[in-house]
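Take a look at the structure set out below.
The values are calculated or read from the model by the stated rules, or taken from the named source; none is laboratory data. The model shown is predicted, which means the values in this text are computed figures rather than measured ones. Note: ideal-geometry Cβ built from the backbone for every residue, glycine included; neighbour counts use all protein chains shown. What goes into the accessible areas is simple: the full protein's heavy atoms, side chains included, and nothing from ligands, DNA or RNA. Shrake-Rupley method; radii C 1.70, N 1.55, O 1.52, S 1.80 Å.
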Amino acid sequence: MTTPTLDCSDIDQYLGKPMQPARMVDPFANNDIRRWVQAMHYPNRLHYDAMYAMQSRFGQLIAPQSFPVTMDDGHGSAPSCIGLIPNSHMLFGGDEWWFYGPRIVAGDRVWNERIPFDYTVKETKFGGPTCFQRGDNFYYNQHGDLIAKQRSTSIRYAQAAGQSNTPTDNQDDPVWSDDELEALEVRKYGWIRMLHELGHSARYWDDVTAGEALLERVFGPHSIVSFTTEWRSYTFTQWGSMHRRTDLNMAELGFTGPMAGPEQDPTEEANNPENTDGAYIGPSRGHLFPRWARFIGMPRGYGYGASMGAWITDYFSGWAGEWGMVRHSACNYRSPALTGDITITTGSILDKFVDEDGRHIVQVECKMANQLGAVLATAKAEIELPKKPA
């Protein structure tokens, strides 16, 4: 078979130039926040229980730090998936986040300034010549405050190469016995119990130690139902929720055949919104339909890269507690979550120090893997914790 080529030259004209921003039509509501944490399996009462949140330091229900990406119309990938690469497809490769302090609450309207950053081409076993493209997202609230910056990495490869390398030995979901599922619920609750035990209290910088392990976080088994729930928790997936881009055409990005549908096309959304809904038609449907997953190289239905990023941010911020804040994280996605699998997150404390701004920082790392030990993602982060009063 002839090795597919990958022409990335069209990307050059976009680098460093702002794109159309992502803009919400309506402000966020508390139920948008609740929908998000429910879909992300993050039962932190601060983000869904109004009475509990009123007793917090914030005095109201707030969004988790993972929330800004919910409003972007490309999961943050728009500036990292720009420019024509003929007959290609894309997967999420990673995210780097910087958080600046403002928290999102009901009534906020967020917009995203997007600027393509850079790209490089490497040879991979999965796709042959593969483009690793990066782009920056700057999330602002209605006051002009910068909430967060996301540097997203997209993996763009020849669709034919991905399809020809589709695994054939794991296209069926694993089967879990009733006893195994009950044991999973016990494991899941260990991390949830940590959230309850910390409550409104502070986790102090003074009390943590380098080398200390973080509690494991387990969720799953994943399914088409759980992935669909995730998809619908992103604000942009709701019909009429965004001022749609007029410069977006999937075929002009290089998506091929049945993956080049009119996803998010504003004209077609007014005519027949199901045609623009990525759950059904276009490049996003590979997540929810095994047939289309295999078309681009996945063995069965698979999860969303931006959701994996949210799982990591929630893992760190849940541990940090109400008085802590994730300030920076760098996540690398190695393999998607597949239907039938579970996700197990483990982590540890690497170091603690006072940074140049006088903040008390704990450096942590984590790994997400499935039940077979296959690594889905790795990440490192810097978390600010309060100093114990003298």
*asked:* At 7 Å along Cα-to-Cβ for each site, give me the label-to-label distance between R187 and A251 in nm.
replied: 4.7 nm
*Against the longest alpha carbon principal axis of the chain, how many degrees, from 0 to 90 and to the nearest 10, is the axis of helix 224-233 turned?*
80 degrees
*Most mobile of G254, G303, G16 per a Gaussian network model of the chain (Cα springs, under 10 Å)?*
G16
*Taking 0.36 nm per intervening residue step and subtracting the Cα-Cα distance, what contour gain separates F353 from H200 on full extension?*
52.7 nm
*Mind running the shape call on segment 80-233? Use the C-alpha gyration tensor, a ≥ b ≥ c as the square roots of the eigenvalues: rounded below 1.5 for a/c, prolate if a/b tops b/c, oblate otherwise.*
oblate
*Straight distance only, please: which lysines reach the Cα of K387 with their own Cα at less than 16 Å, same-chain residues fewer than 8 apart left out?*
K352
*So what is the accessible area of segment 159-286 per residue, in Å², with the probe set to 1.4 Å?*
49 Å²
*asked:* Just to verify a number: what accessible area does K367 come out at with the full protein assembly present, 1.4 Å probe, Å² rounded to tens?
replied: 90 Å²
*Non-local amide H neighbours of T124 (under 5 Å, H modeled in plane, Pro and chain starts lacking H): which ones?*
T130
*Restricting attention to the alpha-carbon atoms of segment 153-299, what are Rg (one decimal) and Dmax (integer), both in Å?*
20.8, 59
*Using the Cβ atoms and a cut-off under 10 Å, what net charge is assigned to the surroundings of T345, where Lys and Arg are +1 and Asp and Glu are -1?*
0
*For L350, which sequence-distant residues (separation of 5 or more, or a different chain) have an amide H within less than 5 Å of its own amide H, given hydrogens modelled in the peptide plane?*
G211, Q363, V364, E365
*Given the options A210, A158, A293, which has the most mean-square fluctuation in a GNM of the chain, springs set between C-alpha atoms less than 10 angstrom apart?*
A210
*What is the magnitude of the charge dipole of the chain about its Cα centre, with +1 placed on the Cβ of each Lys and Arg, -1 on the Cβ of each Asp and Glu, and no other charges, expressed in debye to the nearest 20?*
300 debye
*What residue among Y315, Y100, Y42 shows peak mean-square fluctuation when the chain is described by a Gaussian network model with Cα springs under 10 Å?*
Y100
*Multiply the residue gap between K17 and S241 by 0.36 nm, knock off their C-alpha separation, and tell me the result in nm, one decimal place.*
78.1 nm
*When we measure straight from the Cα of K122, which lysines land under 27 angstrom away, once same-chain ones fewer than 8 places off are left out?*
K17, K149, K367, K380
*Among G59, N271, H287 - extreme Cα towards positive end, dipole of the chain, charges at beta-carbon*: G59
*At a Förster distance of 22 Å, what's the computed FRET efficiency of F126 paired with R291, Cβ-Cβ distance as r, to 0.05?*
0.70
_Karplus-derived 3J(HN,Hα), 6.51/-1.76/1.60, for each residue of segment 16-31, Hz, glycine and proline x_ = x, 10, x, 9, 4, x, 8, 9, 6, 7, 10, x, 5, 10, 4, 5
*What accessible area per residue, rounded to a whole number of Å², is obtained for segment 108-150 using a probe radius of 1.4 Å?*
44 Å²
_Please give me, ordered by residue number, the GluC sites (Glu not before Pro) of segment 323-390 that lie in loop per DSSP and have at most 11 other Cβ atoms within 10 Å._
E356
*Percent of accessible area on the chain owned by carbon and sulfur, 1.4 Å probe?*
51 percent
*Based only on the alpha carbon positions, what is the Kirkwood hydrodynamic radius of segment 231-390, in angstrom?*
18.2 Å
